[in-house]
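Working notes, structure below.
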Amino acid sequence: MEVRVANVRKEFDTFAALHDVSLDIRSGELIALLGPSGSGKTTLLRLIAGLEQPTVGKIFFGEDDASERTIRERNVGFVFQHYALFRHMTVADNVGFGLKVRPGATRPPASEIRRRASELLDLVQLSGLEKRYPAQLSGGQRQRVALARAMAIEPKVLLLDEPFGALDAQVRRELRRWLREIHDATGHTTVFVTHDQEEALELADRVVVMSQGKIEQVGTADEVYDTPNSPFVYGFIGESSSLPVKVEDDQLWIADRSIGLSAQGAPSGKATLFFRPHDVELLDGCSGCIAGTVAASRRVAGTRRVELEIGGHRQRVEIELPVDHPAAQKSRLAFRPRRWKVFPDTAG
Amino acid sequence: MADPVLFAADNAHESASGVTEARPARYALMAVAFVFLGIFLVLPLVLVFIQASSKGLDFFLSTLAEPDTVSAIRLTLLVAVIAVPLNLVFGVCMAWAIAKFEFKGKAFLTTLVDLPFSVSPVISGLVYVLLFGAQSLLGPWLKAHGITILFAVPGIVLATVFVTFPFVARELIPLMQEQGTKDEEAAISLGANGWQTFWYVTLPNIKWGLLYGVLLCNARAMGEFGAVSVVSGHIRGQTNTMPLHVEILYNDYNAAGAFAVASLLAGLALVTLALKTVLEMRYGAEIAATRGH
Amino acid sequence: MTTVPAQAGWRFRKPSVIPGFGLTLGLSLAYLTLIILIPLSGLAWRSAALGWADFWAIATDPRTVNSLKISFGTALIAAIVNVIFGTIVAWVLVRYQFPGRRIIDAMVDLPFALPTAVAGIALTTLYAPNGWLGVPLSWLGIKVAYTPLGIIVALVFIGLPFVVRTVQPIMEEIDQEVEEAAATLGASRFQTITRVLAPGLTPAILTGFALAFARGVGEYGSVIFIAGNLPNVSEITPLLIIIRLEEFNYPAATAIAAIMLLISFAMLLVVNLLQTWSRKRYG
């Protein structure tokens, strides 16, 4: 089932959580809404679920205008960060709940409900736990029950709100892999919200990077990593270093010295240069490079991180060197990024 | 972490979630609740004040100035002034023993504390009659020594103490249990003795629960009717508290007079409620642990 | 100050550095004994002093039995009424926003704070044949004052806060996400409330019921004005006890009190068991 978000705006009192957001979600894809707190990603998810209503704009499930439909009718499966399992029901009853509450005509017989619940528990690798209560399960198990429960109603869309946020790191990694497997097996259109970029990049077919109520970029993991289209995305995804530069004659200048990089067509004026700390090459002499004084140097796992002060402007950047690189001992280093991006400064 | 913006205006679930009853259902429920409260709570209260003023201000004031009324008021205050501090001190003692120490039989003690609550006020009064009355064990001995307890002020005080005893203890015990012994142990380790620890460390921690308990204890002490009715003897001008006096005036077909005195008690109740609300609002977290009378 | 036993064995209490155990426990026990234990044991002793035959005669006396029926019966009905309406009131107070919510919330405690005699005369005047509510009710042919119905009304007033205050905290803690989950799974609002929320509230509702019931059984001041007090018809047990006392029939008064306590105790035991079961099942 494809989902189309059309020019949606959501206001709470006077605060706008989403400004004019549009998104096309393809049928069967696993897509991540990624962003920091306050970016509006959970709000967008809840709008798709029908737990909130857009102030302006519409949401379409296929051809249907979903705003005509109540939560019940939308048939979305929602998995909450804290599972929201029904405490006083067994695992089997939880999973079968969505089927039990169907109105008379469409309700399957009790035996059928039991069978489906068992099937799903097998799928999420929890068979044998039917009679347990949520309080007797671990966090990871509870989340799997929650997922089974959401899938039981054969939803058009599966929505997951930071599904692994309440779990510890090891369990999180396992469940990540497992979620991808389940998705590949069942083919549900799945949207999940996360603030963990590693999770998003690893899991999703496409990533929607959001910030402050707007969508910054939509693309595959490679696309948002290699070709970010805004300062925010560049800074948010992966590691980055940035420097204020001046664009002139399609060249970049720092303190009136050319650093030998093309401006990539950016207009003249102030701009910011972004590059990845590990994507640099060190140079001996410097005619057209970025030179700086070593301010700090740390060993981090298998590399060395060197902090440089550029041009005495108190601009610090980090670059990454192999651990035993001879240059690391020097007090002045010159380098040039192998890949970079320039973003003009917008006013304000 | 969920978006903080979602829960910014979360005073009632209604505003933060799209999941609530349909509007007609909401209004119906509110209507039922309001009508119920209106009939059972508001009307009687309003009636007290209207009846009290039904014969005008002069009548109201003269009723209050009557010697019997004045002595009833005095007796009520006297009883409260004795019963509340007594129960305060011993409530604190009890809470200290129960909350700061582990010993066998603690559960039994806590149950004893709740006993006056589970007994009808009339039975609370009855037990004192059985103890001190003419036909009782102690009766003849008391008579021989010229000590009157029943049908006199001492009996009334005793019965009131019995009935209001749990209020302070019940507020303090869960509160002090929750607070544990860490603060006191720290104080002791710094060299404080028992009294200093209590005064400087424990008391500030429990002061709002204490106030709360005292408030409820006082309201009940001044308003107790059943138990006092049994032990009092109903002698006008001598052994009548305000609630008993209300009964007398009412049975004398002096409804307006009865309500005049009753309005004083109702006013006290409203003040108690107001103070209670203020305390709950400002120190809610601390007192919430002891909720559930 | 405290001596720790040299060898492990039965200890009365766990040793601790905090002083004052002896003092506070001693004082507390003395106070408890004086104020509660001795008087109550006087009651027990007195009722024991009654021979079985006498005790049984008093217990089965029709007037006694009827008063017990009335006391327990009206308390039961009033507690049920309070469960129904008290739960609704708690729901409205916790979930809805409306002007004056704070004040109404505070008002729920009025029956706690208001002296019972004041409540008694107010309710009587309200429901008397010429009272503000008595008049419209008489058009419907319903007589409240001076009948058992009046007792029920008074007990509803008295027990009102118990259910509301016991249920409120539990309702406040209801997880919004659980309700949302139920909705996304296709449950109607009614289904969500009955299948998902109600079970969690059941222990609290039962507790509130028990408290309201226990309070209603022993209530005196707010009932005797409105009750009519006709023997065998609208006479509550506490009143019968007082009547026997005034007749100087101490044995009878004692016996009736003992019976009342026993029955209350038994009923509360049952409710306690119910509560434990419900907590295990739904807690």
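The values are calculated or read from the model by the stated rules, or taken from the named source; none is laboratory data. These numbers were taken from a predicted model, which means no experiment stands behind them. Neighbour counts are summed over all protein chains in view; Cβ atoms, including those assigned to glycine, are modelled from backbone coordinates with ideal geometry.
Quick notes on this one:
- Applying the criterion of being part of a loop (DSSP other than H, G, I, E, B) and facing another protein chain (nearest Cβ under 10 Å) to the residues of segment C:16-57, the residue that is farthest from the chain's Cα centre (by Cα) is C:Val17.
- Taking residues in segment B:222-240 that are within 21 Å of B:Glu66 (Cα to Cα), and partners anywhere that are surrounded by fewer than 24 Cβ atoms within 10 Å (Cβ to Cβ) and charged (D, E, K, R), the pairs with Cβ atoms closer than 6 Å and at least 6 places apart or on different chains are B:Arg236/B:Asp68; B:Gly237/B:Asp68.
- Candidates B:Glu184, B:Glu171, B:Glu178: the one that is in contact (Cβ under 8 Å) with a residue 24 or more places away in the chain, more than 8 Å from chain C (Cβ to nearest Cβ) and buried (at least 17 other Cβ atoms within 10 Å of the Cβ) is B:Glu171.
- Restricting attention to segment C:139-166, the residues that are part of a helix (DSSP H, G or I), hydrophobic (A, V, I, L, M, F, W, C) and within 13 Å of chain B (Cβ to nearest Cβ) total 11.
- Among the residues of segment A:85-102, none qualifies, meaning not one is touching a residue at least 60 places away in the same chain (Cβ under 8 Å) and within 26 Å of A:Val8 (Cβ to Cβ).
- Of note, C:Phe190 does not satisfy the criterion of being on the phi > 0 side of the Ramachandran plot, among the aromatic types (Phe, Trp, Tyr) and surrounded by fewer than 23 Cβ atoms within 10 Å (Cβ to Cβ).
- Yes/no for A:Glu181 being closer than 13 Å to A:Ala32 by Cα and at pLDDT below 95: no
- Restricting segment A:219-230 to residues that are surrounded by fewer than 19 Cβ atoms within 10 Å (Cβ to Cβ) and of a type outside the set (S, T, N, Q), the residue that is farthest from the chain's Cα centre (by Cα): A:Asp226
- Test: residue in segment C:217-225 that is away from chain B (no Cβ under 13 Å) and of a type in the set (A, V, I, L, M): no
- Counted residues, segment C:169-205 - those being free of Cβ contacts under 8 Å to residues at least 24 places away in the same chain and either of a type in the set (Lys, Arg) or not in a helix (DSSP H, G or I) (or both): 8
- Number of the exception - C:Ile77 against (1) free of Cβ contacts under 8 Å to residues at least 60 places away in the same chain; (2) more than 9 Å from every other protein chain (Cβ to nearest Cβ): (1)
- Within segment B:98-108, being assigned to a helix (DSSP H, G or I) and crowded, with 18+ Cβ neighbours inside 10 Å holds for B:Ile98, B:Ala99, B:Lys100.
- For segment C:206-231, a residue qualifies if it is polar (S, T, N, Q) and either under 22 Å from B:Ala262 (Cβ atoms) or out of contact with any Ser or Thr (no Cβ under 8 Å at 6 or more places or on another chain) (or both), and the qualifying residues are C:Ser222, C:Asn229.
- Taken together, C:Ile103, C:Ile70 contain a single residue that is within 13 Å of chain B (Cβ to nearest Cβ) and assigned to a helix (DSSP H, G or I), which is C:Ile103.
- Residue under evaluation A:Lys156, criteria (1) touching a Lys or Arg at 6+ places or on another chain (Cβ under 8 Å); (2) at pLDDT 90 or above, criterion not met: (2)
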